[in-house]
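Values in this text are rule-based calculations from the coordinates and carry no lab data. None of the values given here were measured: they were computed from a predicted structure. All Cβ positions, even for glycine, are placed from backbone atoms using ideal geometry, and neighbour counts span all protein chains on display.
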């Protein structure tokens, strides 16, 4: 019996190693238990007198002339997930689902245990198993197992790290080549698109990286692509920065001199110098962040409260007191937009609990200078800036047209009221000054606002100022070649599946873009018919009373009316697909920071670029 057991173990081992193979039942076999077993072939492809259970992989002896089938029938009925014998040719459906459910539950429990060991052995975060890549990996393993009837040892298919690194590079090259071909086709019909770019510094090595993202419209749909994330080893001068940007674009067969490109960057002097003479707008979210931070610094009493809020949060984190709160206190990080607001707001939400905890620890001093009602007034004012920043940081829906209406909204928010306390009046005054100083409203913003049906009347402008915008629109039409060749207005269709990312939600009462546009357009003072008697597409659009439903997508609207406003439609679709901020580049660097963690500082720049590109392609 012992020798017989060893023989079965050897057969199973040879199946695992691929020396022996399994094959289907004989064509003459009709017994239901055969659905649970496979025959076995040796290395010479001869059938041997043994079977393997497809569920538990156990080995059973079987010779049609010597052994009976009662053992196999019994095993088929009792093996977990095995097919029970039935007097009917059609197994009861509910019974089948019940057994499948039991089998899947058992498998899921076993896989959960394997995942737990994976996280423990390899020091991986529990969140690792939530990633899209992990799901793709698991599905790949299941597909491989499905293709092979015999059991496979994991070591036989796992590649070494060097092979994986090379595969990442190869996949990135293949996908980059695909993107180049796609852009060659798409950009033939496109005269205008946007580029966002930004610098990022690795906090461990102080190395600087530059990233470039491309934004254009195809068939009424916004398309965003990360082009390159490259190590910037030269001095970050304007000349070197421009050369790097141009080299990246040319690597995609994009000649900057052959297109009308609008660049979106922060206020870095090197980027401003590099793009001098180009169509360049400042990232609105960077500007808003500067407005808020510098306004707070300009108000000593407010600045002191913010500093005390930072100290309080640091104390709670240092003493592990966060777990005692229903929601955590947020730390203010100078490089993160809206983080000052988040810090103050988190303290206000937890004020009673914070007060009780500090009282029990005799540490009331940390809260003594933070007045509950004062921080409520501050957050009420700054919440509008936070919502504005979050709305305008989107890159999957148009934002450029909303910059001017939001700018007007922010200025109205900062107008003093008779009920305002002194410190609120001081903060509002500082915010108003910084709004005029730091927010860069260009002709591009005015044109984008004009190209939205709800705000085309530009009610905050004088008659002469509106006429200047109309002339700017005509000039842009001429610049992108839409005033001469109507063929340029053809819309390219795109059937690719568009991935949508969820926008961040404000923690308090939200303000929609529709609200801002309607508020901006409330003082409508449009041109009358007597302004111009000669037909002109731009003036006709401005004078006509168009129908624009609440919540309607502006790109869909322009696509729908392209037969009426052919030239304007092409311009609007292109311009409104360009983002108002460089948030796309900022998000890329958030990913870069996660990739270049402290344990991965030896990662080659090319590998980093490939990983970022693959993740965003």
Exercise. How much of the DSSP beta bridge set in the chain is antiparallel, as a percent to the nearest 5?
Worked result: 75
Seminar exercise, completed: At the level of C-alpha centres, the distance separating region 552-577 and region 136-161, in angstrom, is 49
Exercise. Ordered by packing density, taken as the mean number of other Cβ atoms within 10 Å over each peptide's residues, highest first, how do 359-372, 308-321 rank?
Worked result: 308-321, 359-372
Seminar exercise, completed: Per the helix-only model, the chain has a calculated mean residue ellipticity at 222 nm (DSSP H runs of ≥4, -39500 (n - 2.57) each, divided over all residues, rounded to the nearest 500) of -15500 deg cm²/dmol
Exercise. Using alpha carbon centroids, what distance separates region 358-374 and region 219-239, in Å?
Worked result: 47
For this session: Apply the Kirkwood formula to region 185-281: the hydrodynamic radius equals the inverse of the mean of 1/r over all pairs of different alpha-carbon atoms; give it in Å with one decimal.
Result: 14.1
Exercise. What is the Cα centroid distance between region 251-310 and region 19-61, reported in whole angstrom?
Worked result: 69
For this session: Any chance you could get the radius of gyration and Dmax over the Cα atoms of region 180-226, in Å?
Result: 14.5, 44
For this session: Set the Förster radius R0 to 25 Å, insert the Cβ-Cβ distance between residue 590 and residue 139 as r into 1/(1 + (r/R0)^6), and round the FRET efficiency to 0.05.
Result: 0.40
Exercise. Rg and Dmax of region 2-78 over Cα atoms: what are they, in angstrom?
Worked result: 12.0, 33
Problem set entry | Percent of C-alpha pairs per 10 Å bin, region 272-388, short to long | 13, 42, 26, 11, 5, 2, 0
Exercise. Rg and Dmax of region 368-480, using alpha carbons, in Å: what are they?
Worked result: 17.4, 63
Exercise. Hey, what D do you get for the chain in µm²/s if you plug the Kirkwood alpha-carbon radius into Stokes-Einstein at 10 °C and 1.306 mPa s?
Worked result: 53
